[in-house]
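Every number here is computed from the coordinates shown, using simple stated rules; none is lab data. From a predicted model like this one, the values you see are computed outputs, not experimental measurements. Here the Cβ positions follow ideal geometry from the backbone for every residue, glycine too, while neighbour counts run over all protein chains shown.
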């Protein structure tokens, strides 16, 4: 599925996907197993099954993909770091309000401040996959007008082909979106536009036209910049965030390192991680009958890590696509609640060393079920206390050792998961993110954005 809208697309990929009807959240179908920039004929289902079962091929492919990803990532990261130093650009959370005000001043816009429950949001994102979890808290913020291009017959997949037909369809969809903004704004003033997409779907010209014609604050969210910063050429510019970054009044990124990239591209970045949907990720009255589990697809280095853990006799069950002995997770929240330990693999894409904050980093602790044990991530360590609310590991040996120790100490894991849920409810709902954004935009009263103790229920 189209995971994380274009905010979860793959990095610089324009080739055809070999397979993956459902991509891991935070990655595109193209990133799960693809031959980048190589024309691939249609494969039969039987051949695909044979390739999937070839562990040697998958292992070799994963290693090649990891090296390619690292080379591209390091070039991008270091190039932007040099450019930022040369221009004297430094990201600072405290500078965001001033940057936003400067953008407003340049177009003569003054926002109207609203009280909680009255902020009118216009959202651009397709209603597919996990995206419905973004909506309840948006509606708690106030009325929502939703431009769902999937409901209009468009799809991320057709845009991803990046051929002439895709570019024409994209232009038609952009025209429909612009007309929708005009109509909705005329009926009831829109306070801000929330975009969960990228240059694959939206044209920079469309965003610029909205800003110039209406002045409405624009916020773009990308939750996978390390993988999806740039992509195929779409007729006017590249897919990804790189060529639309400067069009947003706030570019919300869950990768702190990417804030530097947005600054160099003329954007106004804000580091802010994912949140969770309180109505979906909650405790359930089930028995903790699974010692340890991992929920997610089998790709890249994951099969090797999971295999090494199991070879050491640790009872780790896996749920998701591609695992030879995997099970289908009909309800991941139930699995999180049934598991005494929920294992996370927090690396970005095919990399074993680059980490990325993920949705599950907040969804699993929010359930209050089994304790969350994931890869160490310096960004994640700012949002939970490691060793008190969640657990982390560096390398497979630490993972094995942590699993063995905490499986023998269930009283510790129960206490940790309770503290993690309390922290999640107090700080990490999507509503916390939206209120913070709207306060920075000046469309929500500052005291409303700061006083969040009522959100714990």
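Exposure proxy check: 172, 355 ranked by fewest other beta carbons within 10 Å? Can you show the working numbers first?
Details: 172 12, 355 21.
Least crowded to most crowded, the residues run 172, 355.
Highest-first packing order for the peptide set 244-257, 114-127 is 244-257, 114-127, based on the mean count of other beta carbon atoms within 10 Å.
Note down the Stokes-Einstein diffusion coefficient of region 161-305 in µm²/s, whole number, using a Kirkwood radius over alpha carbon pairs, 20 °C, and 1.002 mPa s.
Details: Rh = 17.7 Å.
D, rounded to a whole number, is 121 µm²/s.
Exposure proxy ranking for 237, 185, based on other Cβ atoms within 10 angstrom of each Cβ and starting from the fewest, stands as 237, 185. Among 358, 226, a tally of other beta-carbon atoms within 10 Å of each Cβ gives an order, fewest to most, of 226, 358.
Size of region 290-427: Rg and Dmax of its alpha carbons, in Å, are 13.6, 39.
Below 8 Å, C-alpha to C-alpha, sequence gap of six or more: please give me the relative contact order for region 290-427 in percent.
Numbers: 229 pairs, mean separation 32.9, N = 138.
Averaging sequence separation for qualifying contacts and normalising by length gives 24 percent for region 290-427.
Each Cα pair under 8 Å and six or more residues apart adds its separation to the average, and for region 285-335 the resulting relative contact order is 39 percent.
Separation of region 309-354 and region 148-201 by C-alpha centroid, Å? Each part reduced to its Cα centre gives a spacing of 35 Å.
Using C-alpha positions alone, give me the convex hull volume of region 317-362 per residue in cubic angstrom.
Values: hull volume 4.6 nm³, N = 46.
Expressed per residue, the convex hull around the Cα atoms of region 317-362 is 99 Å³.
Rg then Dmax, both in Å and based on the Cα atoms of region 128-228: 14.0, 41.
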